[in-house]
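The values are calculated or read from the model by the stated rules, or taken from the named source; none is laboratory data. Since the model is a prediction, treat every value here as computed from it, not as a measurement. Counting neighbours? That spans all protein chains shown, and the Cβs are built from the backbone with ideal geometry, glycine included. The protein model used for the area step is the full one, side chains on, heavy atoms only, and it has no ligands, DNA or RNA in it. Shrake-Rupley method; radii C 1.70, N 1.55, O 1.52, S 1.80 Å.
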Amino acid sequence: MSHMRVFITRNIPDIGPAKLRATGWDVDQWHSDEVIPRATLLEKVKGADAILSLLTERIDGELLDAAGSQLKVVANLAVGFDNFAVGEMTERHVIGTNTPDVLTDTTADLAWALLMATARMLPQAQKYVHDGKWTTWGPLLFRGQDIHHATLGLIGVGRIGAAMARRASGFEMKVVYYDAYRRQDLEEKYGYHYASSVEEVLHQADFVSVHTPYMPETHHLINAERLKMMKPTAILINSARGPIVDPKALYDALHNGTIWAAGLDVTSPEPIHMDDPLLTLDNCLIVPHIASASMQTRDNMSELAADNIINVLSHKAPKTPVNKDAVVAQGLG
Ligand code: DGY
């Protein structure tokens, strides 16, 4: 076991790398805050038993071939793992892991912050003050949308969607959700309303918050046609993955007043291009994919990713695998 090789693809909070170094294994890290160039990544993973990756690295057949057949685990520092070619990993018996649970509340906090900031026009109001335009109290100044007693529509009510719904209860909001899996437990416990389709949520909601994983079925789930189903006063929040929303259709909807505002933690592409028309809009608040970015949560993600690697390389089941078949194939579960 002493010859295990681990490659970490970026600077991350050191709690995880420190734990990995403490094993005595050969731990190499790309010490940068920028994405590792693909060619360098393919070179660096050669001979690795484990890779600690970010959502910016495509873990596909090319990378798995470059790493070699000794590769046992790729631990993503994210709950989303749409950067994994899961089928190819499983075929090669490479375990993939993610970081669920530890980031749920922090991510929902940011989604909630986007909701509040867009509803009450905080970015525009701050700019107004900074621009020296605040001359008097104004009855018509920055009239936003009420959050309390409004209807929150959730597309997806997994861990983060459910955490978003819990935040809504303090604002006495009605919660309507659509999910492929009906959550009767949540309906009974908290009185959430099940909608039988995405469209039904869009029709009813004052705020639509997207919490579904990104996969071929959810590509441009929020498109021009569906944006037209939203209320003209409605606000769209996306803290899931950028390509779930068609950016061109979103621009048109915001520009034409089809919907009132949007708050985005994620864009398509990412990072957003500086000539993207969404950046010209006052009613589109965009932040750089920071939903899980708190001190504590990023530490917890780093530690969980490292623990997953340590478990697999010590012949124990990983804590949070995404492809259980590979765990079984390695005789760990
Ligand atoms: C995730 O974990 O999937 C987030 O998008 C990264 O914060």
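Asp146 falls short on exactly one of the conditions (1) surrounded by 13 or more Cβ atoms within 10 Å (Cβ to Cβ); (2) under 22 Å from Gly161 (Cα atoms), and that condition is (1). Restricting attention to the range 213-246, the residues being crowded, with 22+ Cβ neighbours inside 10 Å and either within 15 Å of Val266 (Cα to Cα) or within 16 Å of the ligand (Cβ to nearest atom) (or both) number 9. Selection of the range 271-310 for residues being in a loop (DSSP other than H, G, I, E, B), within 16 Å of the ligand (Cβ to nearest atom) and surrounded by fewer than 20 Cβ atoms within 10 Å (Cβ to Cβ) yields Pro271, Ile272, Val287, Pro288, Ile290, Ala293, Ser294.
Residues that are away from the ligand (no atom under 16 Å from the Cβ), touching a strand residue (DSSP E or B) at 6+ places or on another chain (Cβ under 7 Å) and without any contact (Cβ under 8 Å) to a residue 60 or more places away in the chain within the range 81-108 comprise just one, Ala85.
Among all positions in the range 8-27, there is no residue which is closer than 18 Å to Val327 by Cβ and in contact with a helix residue (DSSP H, G or I) (Cβ under 9 Å, 6 or more places away or on another chain). When the test is whether a residue is among the β-branched types (Val, Ile, Thr), outside any loop (DSSP other than H, G, I, E, B), closer than 24 Å to Glu217 by Cβ and touching a residue at least 24 places away in the same chain (Cβ under 8 Å), Val74 passes it.
As a summary of the residue check, Ala75 satisfies the conditions (1) small (Gly, Ala, Ser); (2) more than 30 Å from Gly170 (Cα to Cα); (3) away from the ligand (no atom under 16 Å from the Cβ); (4) open to solvent by less than 30 Å² (accessible area, probe 1.4 Å) except for the one numbered (3).
If you filter the range 109-124 down to residues that are more than 16 Å from the ligand (Cβ to nearest atom) and open to solvent by less than 30 Å² (accessible area, probe 1.4 Å), you find that the one that is farthest from Thr56 (Cα to Cα) is Ala119.
Checking each residue of the range 168-179 against the condition of being open to solvent by less than 10 Å² (accessible area, probe 1.4 Å), closer than 30 Å to Asn83 by Cβ and not acidic (Asp, Glu) gives at least one match. Somewhere in the range 197-212, is a residue touching a helix residue (DSSP H, G or I) at 6+ places or on another chain (Cβ under 8 Å), open to solvent by 40 Å² or more (accessible area, probe 1.4 Å) and free of Cβ contacts under 8 Å to residues at least 24 places away in the same chain? No. Test Thr106 against the stated conditions and say whether it is in a helix (DSSP H, G or I), open to solvent by 10 Å² or more (accessible area, probe 1.4 Å), farther than 23 Å from Thr218 by Cα and among the β-branched types (Val, Ile, Thr). When the stated conditions are applied, Thr106 passes them.
Remark: Leu63 falls outside the filter, which requires a residue to be under 20 Å from Arg5 (Cβ atoms), part of a loop (DSSP other than H, G, I, E, B) and touching a Leu at 6+ places or on another chain (Cβ under 9 Å). Criterion first (without any contact (Cβ under 8 Å) to a residue 12 or more places away in the chain and touching a strand residue (DSSP E or B) at 6+ places or on another chain (Cβ under 9 Å)) does Arg10 satisfy it? Spelling it out, it is not the case that Arg10 is without any contact (Cβ under 8 Å) to a residue 12 or more places away in the chain and touching a strand residue (DSSP E or B) at 6+ places or on another chain (Cβ under 9 Å). For first residues located in the range 45-56 and modelled with pLDDT of 95 or more and among the aromatic types (Phe, Trp, Tyr), partners that are within 16 Å of the ligand (Cβ to nearest atom) and open to solvent by 20 Å² or more (accessible area, probe 1.4 Å) and lie 6+ apart or on another chain with Cβ distances below 6 Å do not occur. Taking the conditions (1) under 16 Å from the mean Cα position of the chain (by Cα); (2) away from the ligand (no atom under 14 Å from the Cβ); (3) surrounded by fewer than 17 Cβ atoms within 10 Å (Cβ to Cβ) in turn, Asp60 satisfies each one other than (1). Within the range 5-31, the only residue that satisfies the criterion of being more than 21 Å from Gln296 (Cα to Cα), open to solvent by less than 40 Å² (accessible area, probe 1.4 Å) and either of a type in the set (Ser, Thr, Tyr) or assigned to a loop (DSSP other than H, G, I, E, B) (or both) is Trp25.
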